[in-house]
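Participant: Input: one structure, supplied below.
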Amino acid sequence: MAGLFPPWSDPLLRGALLAIAGGSIIALAVLMLYVRTPYNDQRAYAVEQPVQFDHRHHVRDDGIDCRYCHTTVDRSATAGIPATELCMGCHAQIWNQSEKLAPVRASFFENAPIRWNRVHDLPDFVYFNHSVHVHAGVECAQCHGDVASMPLVAKVQSFSMGFCLDCHRNPEARVPNYHLRTRRVTSTDDLLARAGARVEDNPLLTCSACHR
């Protein structure tokens, strides 16, 4: 009795199954790689703004400190966006007829804030406090990159959970004199040991540290 399928059907079926399995693995690997690329989390892409605020000029040339504009970075959860009045404190006299600053003048005289485009946007379920990190000695550039060299600000870190945990596991490795700034004796582990806690109970690694 002749077979229901021709002899070449078995190799064809095996090849098809292998192709499906291999394709699934490749597709999964591609997706896992894609979510880690700068393109997916918008790293290294400068964000266009309604006003071309050049940090290079203001920080490097004029020597303006970050906290002059971001006034709440060391006392609040947010860094703060400067009010137009602060900009006009200088630009009422400097470049006060520049077309590039027309939106700033309009914002000031119309009492309407400038709608800046957000560069860094953490999910709503993540709690982050700028002042805590500033007082612990974390430099702005560690998270935001060398903003002083950016004509337009671009995101340089992924701000993924892994990025934050890498620092929280061993803050002493990234922040000079971290234990002194946070009143720790020699290290995170030493403080926990003296408090009678287990090292694995590091409060920086608990879920509630970032998810509240």
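Participant: What longest range of the chain stays clear of loop-exposed GluC sites (Glu not before Pro) (DSSP non-H/G/I/E/B, at most 15 other C-beta within 10 angstrom)? Before the final figure, lay out each step's value.
Facilitator: Numbers: sites that count: E48, E139.
For GluC sites (Glu not before Pro) (loop position, at most 15 other Cβ atoms within 10 Å), the longest site-free span of the chain is 49-138.
Participant: For segment 62-115, just list the percent of Cα-Cα distances falling in each 10 Å bin from zero outward, please.
Facilitator: Computed distribution, short to long bins: 23, 46, 27, 3.
Participant: Going toward the positive end of the dipole of segment 1-122, with +1 on Lys and Arg Cβ and -1 on Asp and Glu Cβ, which of L31, Q49, A92 do you reach last?
Facilitator: Projecting each Cα onto the dipole axis, the largest value belongs to L31.
Participant: Which number comes out as Rg/Rh for segment 1-88 once both Rg and the Kirkwood Rh are worked out on C-alpha atoms?
Facilitator: Numbers: Rg = 29.2 Å, Rh = 19.3 Å.
My calculation puts Rg/Rh at 1.51.
Participant: Can you put C207, C69, C90, C167 in order, fewest other beta carbons within 10 Å first? Provide the component values of the computation, followed by the final result.
Facilitator: Numbers: C207 7, C69 19, C90 13, C167 16.
Sorted ascending by nearby Cβ count, the order is C207, C90, C167, C69.
Participant: OK, next. Give me a comma-separated list of calculated 3J(HN,Hα) values for segment 86-97, in order, Karplus coefficients 6.51, -1.76, 1.60 applied at θ = phi - 60°, integers in Hz, x for any Gly or Pro.
Facilitator: 5, 4, 6, x, 9, 7, 6, 10, 10, 6, 6, 10
Participant: If you don't mind, there's one more thing I want to ask. Classify segment 30-81 from the C-alpha gyration tensor, please: rounded if a/c falls under 1.5, else prolate or oblate depending on whether a/b exceeds b/c. Present the calculation step by step, with values, prior to reporting the outcome.
Facilitator: Numbers: a/c = 3.00, a/b = 1.81, b/c = 1.66.
Prolate is the answer for segment 30-81, as a/c is 1.5 or above and a/b outweighs b/c.
Participant: Sort the following peptides by mean Cβ neighbour count (other Cβ atoms within 10 Å, averaged over residues), highest first: 22-31, 114-123, 73-82. Write down the numbers at each step before the final one.
Facilitator: Numbers: 22-31: 9.9, 114-123: 12.0, 73-82: 14.4.
Peptide ranking by packing, descending: 73-82, 114-123, 22-31.
Participant: Express the Stokes-Einstein translational diffusion coefficient of the chain in µm² s⁻¹, to the nearest whole number, given a Kirkwood radius over alpha-carbon pairs, 37 °C and a viscosity of 0.692 mPa s. Intermediate results must be reported in sequence, preceding the final value.
Facilitator: Values: Rh = 21.8 Å.
The Stokes-Einstein estimate is 150 µm²/s.
Read-outs: derived from the displayed coordinates by stated rules, not from any lab. These numbers were taken from a predicted model, which means no experiment stands behind them. As a convention, Cβ positions derive from the backbone with ideal geometry for all residues, glycine included, and neighbour counts pool all protein chains shown.
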